[in-house]
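Notes follow the structure.
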């Protein structure tokens, strides 16, 4: 998250934020506990999307890619992928509601909160799914 925020603070006069943010993002994806191909598969699109979002609020809906990458890396169950609707909806609302480039900090804060909420909701759904599987297998054994 810090890497994405750093990239989004980039301007013509502060290109060092782009380099530092990109490096922080890559490091963050690489250290996540998962199989190597999953982390690398998420890294590229997420890095590209963070650069794309520099263009403004019209690209807020693409924050969904961060959540999708996280769901892939953390191997969340199919039901958890429904949480992608949250950043899609919030991103679309931000694109429609914010027109000024000076308001991008609000857009990125709101869309980032939607990604975090989606991640937490996906975690809860994964736990519930795991409990149901455990209960089902226990009832089949007993």
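Couple of notes before you dig in:
- Of all residues in the stretch 31-45, those satisfying the criterion of being closer than 26 Å to residue 61 by Cβ and either over 14 Å from the mean Cα position of the chain (by Cα) or surrounded by fewer than 17 Cβ atoms within 10 Å (Cβ to Cβ) (or both) are 32, 34, 38, 40, 41, 44, 45.
- Filter result (under 26 Å from residue 36 (Cα atoms), modelled with pLDDT of 95 or more and buried (at least 19 other Cβ atoms within 10 Å of the Cβ)) within the stretch 72-86: 83
- Residue tally, condition touching a residue at least 40 places away in the same chain (Cβ under 8 Å) and part of a loop (DSSP other than H, G, I, E, B), over the stretch 11-39: 2
- Check on residue 8, within 15 Å of the chain's Cα centre (by Cα), over 30 Å from residue 132 (Cβ atoms) and free of Cβ contacts under 8 Å to residues at least 12 places away in the same chain: no
- Cβ-Cβ under 9 Å pairs, at least 6 apart or on other chains, the stretch 114-142 side farther than 24 Å from residue 89 by Cβ, far side at pLDDT 65 or above and not in a helix (DSSP H, G or I): 130/77
The values are calculated or read from the model by the stated rules, or taken from the named source; none is laboratory data. Keep in mind it's a predicted model, so treat the numbers as computed, not measured. We place every Cβ from the backbone using ideal geometry, glycine too, and count neighbours over all the protein chains shown.
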